[in-house]
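Peer 1: The structure under discussion is supplied below as structure tokens; questions concerning it will follow.
The values are calculated or read from the model by the stated rules, or taken from the named source; none is laboratory data. The model shown is predicted, which means the values in this text are computed figures rather than measured ones. For accessibility, only protein heavy atoms count, side chains too; no ligands or nucleic acids. Shrake-Rupley method; radii C 1.70, N 1.55, O 1.52, S 1.80 Å.
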Amino acid sequence: MKAKYILGLSLFGVFTSCGTPAAVSSTTTTQIEKEEKIKPTEGVPTAPQRETRQLVMTKELTEGKDLYEKYCTSCHRMFEAKEFGKDEWPSIFVQMQEKAHLSNSQMASISNYIYAQL
């Protein structure tokens, strides 16, 4: 069994190494020519840069964050604000306000904190 395995590997090595020099060099030349023709900075559109802004935590936003961490994470993980769109958050707030027994002012603080990140 071991001898057949070694013989098979040897034959495989012989057959795969028997390529003609012309075939090997033309493939290499073609790849090099293609790489030289395609420059990463020439004619390649770049992806639009996302505007990154840093959230300045005011007293009100800090209060909303604290409420969010206290009440919302008691039942589930803390979702990132960008996991849902601006059109999805209002229905989430309505459902969660009722489940978490939050007042309107508490919910306003949490929603202000979430919307400030979008």
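Peer 1: If the chain between residue 70 and residue 100 were fully stretched, how many nm would it gain, using 0.36 nm times the residue separation less the Cα-Cα distance? Could the numbers behind the result be given before it?
Peer 2: Working: separation 30, 0.36 × 30 = 10.80 nm, distance 1.03 nm.
In short, 9.8 nm is gained.
Peer 1: Quick one: pull the percent of accessible area on segment 63-118 belonging to carbon and sulfur, 1.4 Å probe, ligands and nucleic acids left out.
Peer 2: 52
Peer 1: Continuing with this model, one more query. Could you give the length gained by full extension between residue 58 and residue 86, i.e. 0.36 nm per residue of separation minus their alpha carbon distance, to one decimal place?
Peer 2: Values: separation 28, 0.36 × 28 = 10.08 nm, distance 2.11 nm.
Gain on extension, residue 58 to residue 86, equals 8.0 nm.
Peer 1: Provide the per-residue ³J(HN,Hα) series for segment 79-91, in order, calculated from phi with Karplus coefficients 6.51, -1.76, 1.60 and θ = phi - 60°, each as a whole number of Hz, with x at glycine and proline positions.
Peer 2: Rounded to whole hertz, the list is 6, 6, 4, 7, 6, 10, x, 4, 7, 8, 4, x, 5.
Peer 1: Moving on to the next point. Assign one of three labels to segment 64-118, namely rounded, prolate or oblate, based on the Cα gyration tensor with a ≥ b ≥ c the square roots of its eigenvalues; rounded applies when a/c is under 1.5, prolate when it is not and a/b is larger than b/c, and oblate otherwise. Intermediate values should be presented prior to the final figure.
Peer 2: Working: a/c = 1.35, a/b = 1.26, b/c = 1.07.
Verdict is rounded for segment 64-118.
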